[in-house]
1. Run the dipole for the chain about the Cα centre, Lys and Arg Cβ at +1, Asp and Glu Cβ at -1, nothing else charged, and hand back the magnitude in debye, nearest 20.
2. Among Thr88, Thr48, what's the order by accessible area (1.4 angstrom probe), most exposed first?
3. Determine which residues of the stretch 141-155 fall in the zone a paramagnetic label at Val134 would reach in this model, i.e. backbone nitrogen under 19 Å from the point 7 Å along Cα→Cβ.
4. If I ignore ligands, DNA and RNA and count only protein heavy atoms, how much of Trp91 is accessible to a 1.4 Å probe, in Å² to the nearest 10?
5. Ignoring everything but the protein chains, give the 1.4 Å probe accessible area of Glu189 in square angstrom, nearest 10.
6. For the stretch 121-210, just say rounded, prolate or oblate: build the C-alpha gyration tensor, square-root its eigenvalues into a ≥ b ≥ c, call rounded for a/c under 1.5, and beyond that prolate if a/b exceeds b/c, oblate if not.
7. If you line up the Cα atoms of the chain on their principal axes, what length do they span on each, largest first, in Å?
8. Using only protein heavy atoms and a 1.4 Å probe, report how much of Lys209 is accessible, in Å² to the nearest 10.
Amino acid sequence: MRIPDALTLEEAATLPCAAVTAWQALVVRGYLTADNTVLVQGAGGVATFALQFANALGAKVIVTTSSEEKRVRAAQLGAWATINYQTTPEWDVEVRKLTGGIGVSHVVELGGPATYDRSIRALAADGKISQIGVLTGWGPQPNLSRLQAINADINGISVGSSEQFAALNGFLAAHQIRPVIDRVFSFDEAEAAYEHLASGRHFGKVVIKL
Ligand SMILES: NC(=O)c1ccc[n+]([C@@H]2O[C@H](COP(=O)([O-])OP(=O)(O)OC[C@H]3O[C@@H](n4cnc5c(N)ncnc54)[C@H](OP(=O)(O)O)[C@@H]3O)[C@@H](O)[C@H]2O)c1
């Protein structure tokens, strides 16, 4: 894939997995429009791209995150609302309140077992869950009953194709979107980079420069 002219090598390196995944989820399979409302979980790589893409398309984005500092940063990046899921563990109730009882049309499901049931409860009628993440483990066993009552979809998402990646690059250029890089580590600091990623303190992507 040709590196977009406007991006640095470090910025381009953030795209193939996290950005393409968020793109397939929201745009290719999610058909996202400005009329939609999106729930994004956390402020990691996939989540931050999802926030940027949805915001550029004019959708309202609600971000759940673990700290007040990250709430401020998410708002600066265009989040319509933010929820601290540490202090508001029943964040699905808050999402419904924020949306006037309706729920969100799209959930970017990144948590897995610890978040899936609340994601279903936060979803509006005719909504879509993009099943992407395993941040709290594999094999969620959510109660899916509500999905049939509200005519909802689950889209299983596995990254995306090179055609999708090419379209994403055009979108980034058209909307002048730059990846959010939390920190760039040298190759010698690779271990520290992985520790930083595992700590969850980052906002956006962590890069190791070769
Ligand atoms: N299906 C696919 O094709 C695909 C592609 C890429 C990634 N993934 C998966 O998607 C997930 C996210 O990937 P990533 O690269 O964005 O990871 P990441 O950058 O490491 O994201 C970690 C962040 O997620 C947030 N988080 C952790 N537990 C959470 C919870 N219980 N509720 C809400 N947010 C939580 C935290 O942010 P806060 O401090 O802001 O809460 C944490 O810093 C991973 O499980 C990854 O394996 C799947």
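The values are calculated or read from the model by the stated rules, or taken from the named source; none is laboratory data. If you're wondering where the values come from, they're calculated on a predicted model, not measured in any experiment. Cβ placement follows ideal geometry from the backbone for every residue including glycine, while neighbour counts extend to all protein chains displayed. Keep in mind that these areas ignore ligands, DNA and RNA; they rest on the heavy atoms of the full protein, side chains included. Shrake-Rupley method; radii C 1.70, N 1.55, O 1.52, S 1.80 Å.
1. Working: 17 positive and 19 negative charges, 83 e Å.
The calculated dipole for the chain is roughly 400 debye.
2. On the way: Thr88 45, Thr48 5 Å².
Putting Thr88, Thr48 in descending order of accessible area: Thr88, Thr48.
3. Under cut-off, by backbone N: 141-142, 155.
4. We get 10 Å² for Trp91.
5. The accessible area of Glu189 comes to roughly 80 Å².
6. Details: a/c = 2.77, a/b = 1.55, b/c = 1.79.
Oblate.
7. 50, 34, 32
8. 110
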